[in-house]
Amino acid sequence: MVRNIKRIVLCVIAGIIIAVNLKTFVYTGGLLPGGFAGVTLLLQNISEKMFGVTIPYGPVYILMNLVPIIISYKKIGKRFTIYSCITIVIVAVLTDMIPSYIITYDVLLISVFGGIINGFAIALCLLAGATSGGTDFIAIYISEKFKVDAWNYILIFNAVILVFDGFLFGWDYALYSIIFQFVTTQVINTVYKRYKKNTLFVVTDNPQKIIEIINKETMHGATKMDVLGTYKDTPRTMIYSVINAEELRKVLKDIEKAEPEAFVNVMRTDQLIGRFYMRPKD
């Protein structure tokens, strides 16, 4: 129950931050954020500048998210999708309700700090076991299915949208928008570690304890190797395993508590082939 409340609170906060960011940095700078939010703003710009018709943000944004929501509900997870809808609805409603506010007119500052805020808000959703909608659903689906980090691929999709915007309305703000989206992507990659992996080497005299810790905390197995410590020619055991980066801190803490004398080496894993267990989205 407490965990569910925490997830809802994070989704609500993320939705508020995204909406405020839209009505301050993004609108002031004339930028296009990533994903369906950017597509929605592009449609608003086309409607207003070419046809003189102002369309609301919320209804268009929700309509564009309907298909990804259905796919997510069937393919990713029911609770994951429901929590995501909380953020989507809050963004849709608040963006049309709250007034615009100008913090700075410097478009470069807007691109950088707006991107940081946007990335932080999306990362909050991801940490809550949800997403902010649109292409984030697609990124999560690709990541879950193929066990890869798909956020940089979404950046490519966003760049295509910005090229289209550049042809229609000029290149300056389209290029600034690429900076905005690049910063957003890097913040997400830094904060959200679900699809990052680490290789763990543990030299120990109590291999069974280490194996039990890894299995309990990560549901992963491990490889046990007999090795020889050359300092005193002491027979030791080395445990090798690959785990998610988000689980690393807990595993290291438990290893240090169970066997303070263990020697642990952690390395980043960039590529992995073979079976690798990941806890499914709920």
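The values are calculated or read from the model by the stated rules, or taken from the named source; none is laboratory data. Just so it is clear, the model here is predicted, and its values are computed rather than measured. Ideal geometry is used to build each Cβ from the backbone, glycine not excepted, and the neighbour counts take in all protein chains shown.
Annotations for the structure displayed:
- Extreme residue, farthest from I142 (Cα to Cα), among residues of region 96-112 that are in a helix (DSSP H, G or I) and touching a Ser or Thr at 6+ places or on another chain (Cβ under 9 Å): V107
- Selected residue (only one of R279, R275 is outside the structural domain of C125 (by TED's automatic domain parsing), in contact (Cβ under 8 Å) with a residue 40 or more places away in the chain and closer than 30 Å to I71 by Cβ): R279
- Of the strands (runs of 3 or more DSSP E) entirely within region 176-282, those holding at least 1 residues that are crowded, with 19+ Cβ neighbours inside 10 Å occupy 197-204, 234-244.
- Restricting L10, L22, L43 to those that are within 14 Å of F169 (Cβ to Cβ), assigned by TED's automatic domain parsing to the domain that holds G119 and either hydrophobic (A, V, I, L, M, F, W, C) or touching a Cys at 6+ places or on another chain (Cβ under 6 Å) (or both) reduces the list to L43.
- Qualifying residue in region 136-153 (condition: closer than 21 Å to M64 by Cβ, part of a helix (DSSP H, G or I) and in contact with a Pro (Cβ under 8 Å, 6 or more places away or on another chain)): yes
- Condition broken by I116, with the remaining ones in (1) among the β-branched types (V, I, T); (2) at pLDDT below 80; (3) more than 29 Å from R275 (Cα to Cα) satisfied: (2)
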